[in-house]
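Beneath this line is the structure, given in structure tokens, with notes to follow.
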Amino acid sequence: MPIEILIKGFIVTISLIVAIGAQNAYVLKLGLLKQHVLLAVSLCVLFDMLLISAGIFGLGFFIQGNQLLINSIAIIGIVFLFVYAILSFKSAFKNESLKIDNEVKINPLKQVVTLILVFTFLNPHTYLDTVLLIGGIGANIQNDLKIYFLIGAVCASAFWFTLLGFGARFLIPLFKKPITWKILDISIGFIMLLIAYTLLDLIKY
């Protein structure tokens, strides 16, 4: 029985987090640049664990019923994602972003941590996926088995972000071509705009 719950936690989580969103796109880019990858992966897994745990043990019901909080997070998220999209489009035309070598500008540690925090906690879709959906499913499991669902969910998160961050380096030969970097930056920009657009549906009066 516990192993079945663990597997369920893994499958539910992996099915929801594999979509390329703001957080995933950023981890992928850090992986390609080989910059602060372990830190980025560790933070993403840690935050997933905290948010999913909160959902499993009841926070999801509070967020779901607080429309003012959802509206506030959505508006902040839309503004940030729009600005980051513009920066992504701009970076697509900068030559310094087209190389993966020692000449690449290193992203400051503080900037990496800040962006991961923002992509995680200012993106309402993060709460929808981790707290409400994954956590909501886990909340309906028998109390003494919830921990196994959480373990499965965290394993899925760790597997995905490790694959995304450290697996990205196998794509480096492809990304040595300037056109590939341009496509990535432009794609990330459009992804940010798409996510920002979908957040409009969350705003209700």
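The values are calculated or read from the model by the stated rules, or taken from the named source; none is laboratory data. Everything quoted here is computed from the prediction, not taken from an experiment. Cβ sites come from the backbone with ideal geometry, for glycine too, and all protein chains shown count toward neighbours. These accessible areas exclude ligands, DNA and RNA; they are computed on the full protein's heavy atoms, side chains included. Shrake-Rupley method; radii C 1.70, N 1.55, O 1.52, S 1.80 Å.
Structure values in brief
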item	result
Test for Gly55: is it at pLDDT below 75 and small (Gly, Ala, Ser)	no
One residue from Phe159, Phe175 being buried (at least 17 other Cβ atoms within 10 Å of the Cβ) and touching a helix residue (DSSP H, G or I) at 6+ places or on another chain (Cβ under 9 Å)	Phe175
Options Lys8, Lys34: the member that is in contact with a Phe, Trp or Tyr (Cβ under 8 Å, 6 or more places away or on another chain), open to solvent by 70 Å² or more (accessible area, probe 1.4 Å) and either among the hydroxyl-bearing types (Ser, Thr, Tyr) or at pLDDT below 90 (or both)	Lys8
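One line per residue, one yes/no per condition, for (1) acidic (Asp, Glu); (2) assigned to a helix (DSSP H, G or I); (3) modelled with pLDDT of 85 or more:
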residue	(1), (2), (3)
Phe47	no, yes, yes
Leu68	no, yes, no
Ile73	no, yes, no
Phe93	no, no, no
Glu103	yes, no, no
Ile134	no, yes, no
Lys146	no, yes, yes
